Structure formats: structure tokens, C-alpha cells
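One structure below.
The values are calculated or read from the model by the stated rules, or taken from the named source; none is laboratory data. From a predicted model like this one, the values you see are computed outputs, not experimental measurements. So basically every Cβ, Gly included, is an ideal-geometry build from the backbone, and we count neighbours across all protein chains shown.
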Amino acid sequence: MLDLIIEDVQVVDGTGREPRRANIGVADGRIVHVGRARESARSRIDGTGLMAAPGFIDPHTHYDAQVWWDPALTPSSLHGVTTVIAGNCGFSLAPLRGERDADYLRRMMVNVEGMPLAALERGVPWSWQEFGDYLQKLEGQVALNAGFLVGHCALRRAVMGDEAVGRRATPAQVRAMAALLHEALQAGGLGFSSSQAFTHTDGNGAPVPSRYAGPEEMLALARAVGGHPGTTLELILDGCLTQFSDTEVNLMIAMSRAARRPLNWNVLGVSAANRGRHEHQLAAGTRALREGARIVALTLPILGGLKMSFLDHCALHSLPGWGAILELPVPQRLQALRDPEVRRRMRTSAETVTGALSSLTRWGAYEIGDTFAAQNQGLSGRTVGEIAKERGQDPFDTLIDIVVADELRTGLWPQPADDDEESWRLRLAVWRDPRAMLGGSDAGAHLDRMCGARYPTAFLAQSVRERGLLSWQEAIRLMTDVPARYFGLKQRGRIAPGYMADLVVFDPNRIASGPLHTRADLPGGAERLFADSLGIEYVFVNGASVVEHGRITGRTPGTVLRSGRDTRTVVP
């Protein structure tokens, strides 16, 4: 007898083939048949008018902390995601050497990933030492399949202690890091991640530990990855936000070749206003293939909203000359922002930036979110440009005036500059390009700033149903079979006999992301941006339902993915 049969459902199997109406039979966590046979089953679902797809795979999350207080990994699970990869950007929570390391990692994660300190202190047990301990404690506790990369910062801190910040490692320390990485990968880590990006600073405002690593250290750790099956690399560089230098491309290629594994980076923006940039970035993948390596760009297939404020750490800190001002205590920060000379310097230095950060300098395009001062009443939902025109002011000064009046608490929403038909046409070409892969949600991070976890439903609604850019089967393949094959996930990413029963069942006429809203549901009461899904009826992980009619069931059937056991080696 089957555990479950989904009857008369439109099956989009993940391969890119045309949808077909069929029954899906599930037993012991696996798909046992896809066809017209009708067998007895303990549970039956009428799939009339619905589609079934493989569960979506999110290749770039930061659920390393949230998994401890939210086993359902919301809102990803609500949007049809059944498998996540965490530990990206060099930031994992293991290995760990006592409370001093835990305190450092907590404060670092507050700064680099926008996680509230109270949530990290109250919601995470911090009771492990080795990477394998961390994985073992999660067994049976998670609703989705979750794999974890070994982060360079925790690795470096475990070996070097306080010296991890501020200096290069000695050869002996590099060997110790490589040995610790071998242990972590042997225990099931899915690979190695690192950051050398200028945007990543720790809780003290210093560069994160991985930014002090030289090429020799990076290559030694990449070689360690190559000794373990089913592993990959992930790397963040300055050029991810601006434009890759030859030196950066050389490093990525050298690491991929040293490990004999693919390497991905985050995140590729696409705009008709600067098409040369994304073509330049993708060219790194072309050169890598010529040289026996593989470099893959992650690209988010929606125009995600990104909330900012002058009160808390956000992307504005990365603008040239802004970090020192925005790190001042609030009274001094307010005083500086009232100074016309400080404003002049901030505007002049900011307007020199290129690449992805340049969108932050479109002062008039910011939409005002929450406001607090009486004089700002009625400004929510309006752009700074509209308000500046009414006031006869420069948009930059208008923006700063509003923020200062609210004592820095104003919610700011930069508006996309690339919501035009040509930009969408270029995005479609990138989605289809083997040098790129859909992802970059950052789910589990920047909790009060963004909600990238909603991208699967928003992508299907916007790019398939509304814009008609892709067919259902092509869009679904990009979020299932493509990432499954990149990571070498065994028996995942397709609806086929023998595959794990990771399934999402949805109404194609309704699937979408709900509106962004704020929830105060984090440990300690902090808020996060959240979006429910529309049109998703069921989400199954390993044959058990984790979402039914938009509600979390509370079941935890997810697999803590282990390299080699749950993944196979993918060579460049």
C-alpha cells in the first residue's frame, strides 16, 4: 500500500519536458510511480486543477542560526522550497571553541547578516564544538533538507583565536585549518565558503577573519575540499558587487582547479542600463571552462525589495566615506548629518561608485516606508524625488532631512532602476545561461531588511504567468534539476520513480508571493520582514507534508544533508 497518492495532477517533472497529467505514488519517502495506475493509499489528494513540481532548491541561504528556533525555515517552506544550502559567504556557526568564539560569531553575524543579537543569544544553543557536532544536533529537528558549507571565518577563528583578525596565517596555522576543514567535510559539510568582500565587517567594525587570508591559504583550503566527495566551493569578492578584476578571476579559477570542484558566487544583477557589467561577470565562467575550472554566478530572478535605514547596519555603510559616519553613536551621527559640509562629502564620495552599489545613489528614487516624526506624517509610500520637488530641494538633502527628523528610524526602500522590457529580456538570457544559476535569496539573513526567500513563487507568478517569459517546465527546471545537478544532490530535483518525494503542489492560476509585512516573531521579540505564499496547497519533504494549505504542519522530516552520502562529486 502507498503512503500517498496525488491523483490527476499536472506533473512538471523538473527535466524541462512538457507537463503531463498523471498520478504520483509515494511510499517510504520516495516516489514509486508516476503514471495512470491507481493503487490503494493511506492518503489521497485530488490534484484536479493543480500542478506538481519537484520541491524548489535554494542554493544560497543563511539559515545556520534560524534553523534552531524555526525548524520549518519560514518563509522558504511556505514558498515551496524543500532543500536549502546554508553556511554561505564564509559564515557558519561551527567549528566553535568555547563561549569566546560564540560571542565573536554572534556579534559578527549581527553585522554581516543582519541577525538580531537577542535572537542569536536566546534562540541558538551554542552547545557544539566540531562541525560534525553541529550537524548531529540538528538530526530529526528540521522540516526541510538542509546542507551546510564550512565557513572560513569560524574555521580561522577556531585555529587562530583573536589573531584571526588582523594578520596572515603562518604555514602551521594554514595546515591546522586544512586539517580542521578535512574533519568538517568528513563529518558531512557540503563544501567550503569564504568572503574577501569589503562589505563584510565583524562586530567590532574590522574586516571579517577570512578577509585576512592570502592566496596560499585560500588554495590550501580549496585543495582540502577536493579530498572529499560531493563538495563545492562558494566565494564572495569585492568584484561581486562592482566588477571582477583579473586577480579575482585568477583566484576563483585557481580555487576551482585546486579543489576540482565548481565554485559559485553571489549575486549577479542584470540591467539594460549597464549590460557590459553582467557580460563581464559571466565571462569569468567562460574563461574558467577554458582552463579546466567552473565558475557559476547566482542571480535572483525577481526585483527584491531591500529596506534600509540610517539607524542600523545596512548596504549604505558600504558607500565610500559613509561607514565612519554611520557607525557613530546616534547623537553624534545626527549631528554629523545636520552638517552641510558632511552632507557634501557624503554625496560627492557616494556618487563615485559603480556596479551594484550605484543603485543606492539614486536619491530621488527611494520610497519612504515607516516614519515617526510629526513633520514626516503622510510621507510613507511616496518617493524622495516627489517630496523634493514639492519642497524645491535637492533630493539628497530631502532624504537626509526626513531621516534626521525621524532620528534615523525612517524605513527606506530603494526602487529598482531596471524594471524595463530590455532588462527582463537580458535576464531571461542569463537564466538560460549555464554560467548562471537561480538563487541568492540570503534567506535567514538581513531579517529586517529583505525577504528574498519568496523568490520561487514571485518568479513563477511574474515571469511565467504574467510576463510569459518562460514556460512552467523551463522555470521549474531552473529551480529544481539545475541546482540539484550543480550540487550533485542524489535523487532530488525531479519527479521520477526512485527519487525522494520532495514535492510542491500548487494552483498555477494563483501561485504568487503575498505582500511583504513585518512580524515580531524572533526570539527576544525582534521583527523581520515576511511574505506568505499564495496558491501553494502542499509541500512534501521526503514524503511527509510540511505545508498544507499555506500552514506549517510542524513535522520535521528533513534530511541533514551530508557530503558523499547525499551528494555525488560534480567535476568542472
>> Tally up the residues in segment 315-346 that are more than 29 Å from the chain's Cα centre (by Cα), more than 18 Å from residue 203 (Cβ to Cβ) and not in a helix (DSSP H, G or I), please.
In response: 1
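Yes/no matrix, rows are residues, columns are (1) within 30 Å of residue 327 (Cα to Cα); (2) aliphatic (A, V, I, L, M); (3) out of contact with any strand residue (DSSP E or B) (no Cβ under 9 Å at 6 or more places or on another chain):
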{"residue": "45", "(1), (2), (3)": "no, yes, no"}
{"residue": "63", "(1), (2), (3)": "yes, no, no"}
{"residue": "72", "(1), (2), (3)": "no, yes, no"}
{"residue": "76", "(1), (2), (3)": "no, no, no"}
{"residue": "80", "(1), (2), (3)": "no, no, no"}
{"residue": "102", "(1), (2), (3)": "yes, yes, yes"}
{"residue": "108", "(1), (2), (3)": "yes, yes, no"}
{"residue": "112", "(1), (2), (3)": "yes, yes, no"}
{"residue": "123", "(1), (2), (3)": "yes, no, yes"}
> Which one of these does residue 96 not meet: (1) in contact (Cβ under 8 Å) with a residue 60 or more places away in the chain; (2) within 20 Å of residue 526 (Cα to Cα)?
Replying inline: (2)
>> Filter segment 11-22 down to the residues that are touching a residue at least 24 places away in the same chain (Cβ under 8 Å) and surrounded by 18 or more Cβ atoms within 10 Å (Cβ to Cβ) and list them by number.
In response: 11, 12, 13, 14, 19
> From the set of residues in segment 431-448 that are surrounded by fewer than 24 Cβ atoms within 10 Å (Cβ to Cβ) and more than 12 Å from the chain's Cα centre (by Cα), which is modelled with the lowest pLDDT?
Replying inline: 448
>> Name the residue that is surrounded by the most Cβ atoms within 10 Å (Cβ to Cβ), counting only residues in segment 278-311 that are among the small types (Gly, Ala, Ser) and part of a loop (DSSP other than H, G, I, E, B).
In response: 293
> Has segment 177-198 got any residue that is over 30 Å from residue 544 (Cβ atoms), in a loop (DSSP other than H, G, I, E, B), within 23 Å of the chain's Cα centre (by Cα) and not aromatic (Phe, Trp, Tyr)?
Replying inline: yes
> Given 342, 384, which one is at pLDDT 95 or above, β-branched (Val, Ile, Thr) and under 20 Å from residue 306 (Cβ atoms)?
Replying inline: 384
> Here is a list of conditions, (1) assigned to a helix (DSSP H, G or I); (2) farther than 26 Å from residue 262 by Cα; (3) touching a residue at least 40 places away in the same chain (Cβ under 8 Å), and residue 141 meets all of them except one; can you say which number that is?
Replying inline: (1)
>> So the check is Cβ under 8 Å with 6+ separation or different chains; which pairs have a first residue in segment 50-66 that's surrounded by fewer than 24 Cβ atoms within 10 Å (Cβ to Cβ) and a second one that's among the charged types (D, E, K, R)?
In response: 50/507; 50/537; 51/507
>> Take the conditions assigned by TED's automatic domain parsing to the domain that holds residue 155 and among the charged types (D, E, K, R) and apply them to residue 64. Does it pass?
In response: yes
> On the given criteria, is residue 516 buried (at least 18 other Cβ atoms within 10 Å of the Cβ) and either aromatic (Phe, Trp, Tyr) or in contact (Cβ under 8 Å) with a residue 12 or more places away in the chain (or both)?
Replying inline: no
>> For segment 515-543, give me each residue that is in a loop (DSSP other than H, G, I, E, B) and charged (D, E, K, R).
In response: 521, 527, 532
> Just a yes or no: is a residue in segment 470-479 buried (at least 18 other Cβ atoms within 10 Å of the Cβ), polar (S, T, N, Q) and touching a helix residue (DSSP H, G or I) at 6+ places or on another chain (Cβ under 8 Å)?
Replying inline: no
> Here is a list of conditions, (1) more than 14 Å from residue 90 (Cβ to Cβ); (2) touching a helix residue (DSSP H, G or I) at 6+ places or on another chain (Cβ under 7 Å), and residue 175 meets all of them except one; can you say which number that is?
Replying inline: (2)
> Restricting the search to segment 372-400, which residues are surrounded by 17 or more Cβ atoms within 10 Å (Cβ to Cβ) and either closer than 30 Å to residue 276 by Cα or free of Cβ contacts under 8 Å to residues at least 12 places away in the same chain (or both)?
Replying inline: 383, 384, 385, 395, 396
> Of the residues that sit in segment 501-534 and are among the hydrophobic types (A, V, I, L, M, F, W, C) and under 22 Å from residue 114 (Cβ atoms), which one is modelled with the highest pLDDT?
Replying inline: 522
>> Take the conditions closer than 26 Å to residue 482 by Cα and either assigned by TED's automatic domain parsing to the domain that holds residue 87 or aliphatic (A, V, I, L, M) (or both) and apply them to residue 443. Does it pass?
In response: yes
> If you go through segment 239-269 one residue at a time, how many are in a helix (DSSP H, G or I) and surrounded by 19 or more Cβ atoms within 10 Å (Cβ to Cβ)?
Replying inline: 13
> How many residues are of a type in the set (Gly, Ala, Ser), farther than 20 Å from residue 205 by Cα and surrounded by fewer than 23 Cβ atoms within 10 Å (Cβ to Cβ) if we restrict to segment 85-141?
Replying inline: 5
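Every residue, every condition in (1) of a type in the set (Phe, Trp, Tyr); (2) at pLDDT 95 or above, yes or no:
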{"position": "30", "(1), (2)": "no, yes"}
{"position": "52", "(1), (2)": "no, yes"}
{"position": "56", "(1), (2)": "yes, yes"}
{"position": "61", "(1), (2)": "no, yes"}
{"position": "82", "(1), (2)": "no, yes"}
{"position": "111", "(1), (2)": "no, no"}
> Does segment 127-139 contain at least one residue that is out of contact with any Leu (no Cβ under 7 Å at 6 or more places or on another chain) and among the hydroxyl-bearing types (Ser, Thr, Tyr)?
Replying inline: yes
> Would you pick out the residues in segment 401-421 that are closer than 18 Å to residue 358 by Cα and surrounded by 16 or more Cβ atoms within 10 Å (Cβ to Cβ)?
Replying inline: 412, 413, 414, 415, 416, 417, 418
> Within segment 203-226, how many residues are over 17 Å from residue 88 (Cβ atoms) and either basic (Lys, Arg) or in contact (Cβ under 8 Å) with a residue 60 or more places away in the chain (or both)?
Replying inline: 4
